[in-house]
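The values are calculated or read from the model by the stated rules, or taken from the named source; none is laboratory data. Because the structure is predicted, anything quoted here is derived from the model rather than measured. Ideal geometry is used to build each Cβ from the backbone, glycine not excepted, and the neighbour counts take in all protein chains shown. Ligands, DNA and RNA are excluded from the accessible area calculation, which covers all protein heavy atoms including side chains. Shrake-Rupley method; radii C 1.70, N 1.55, O 1.52, S 1.80 Å.
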Amino acid sequence: MKTKIILITLLMTTLSVFSQISPDITVTNEKFDPKTVVVPFVVLDEAPRFKKCKKITGNQLKKCFENHLNDFILNEIKYPEPYEKDALSARVFVAFKINRKGKIIDIKTRSNQKEKELFEKEVIRIINAIPKLKAGKHKGQKVTTTYSTVVTIAIQ
């Protein structure tokens, strides 16, 4: 009987995987409108919060967010059954936004695997399952933020 091991590597990145985001452009905009601006995670004054990060502040809050996101993904991920026979693996790049209400929106994925559809669908399923968060803040205002990471899925 084959031992199944799901390996997941989460590489927290601070810039979008899918586009060049310049924090300077977003941050130095004189007409800062928290309803329309999208602030990269690395630039936020206060990161989005999972409930378990309630009393944490500063850079520790960003670490808490990343740690709980990693834990959530690790607990939720399921290796796509159709790929088990061939023992395929893939790196799935995922980028998403967390809006001013703490909801995950605009999920985008890319994979290095030609047979990528089910890997990408699994990552999208997991990201959609993230519980509602407390929105991130910049300049004292709730803002939409971008976040990206890499999930490596393999079976051995």
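Brief remarks on what is shown
- With both labels modelled 7 Å from their Cα along Cα-to-Cβ, the D106 to E76 distance reads 1.9 nm.
- Ligands, DNA and RNA left out, the 1.4 Å accessible surface of region 26-156 is 47% carbon and sulfur atoms.
- For I124 and E66, the FRET efficiency from 1/(1 + (r/R0)^6), where r spans their Cβ atoms and R0 equals 25 Å, is about 0.80.
- Cross-link pairs exceeding 30 Å between alpha carbons, from the set K35/K116; K51/K116; K116/K137; K78/K108; K31/K52: K35/K116; K51/K116; K116/K137; K31/K52.
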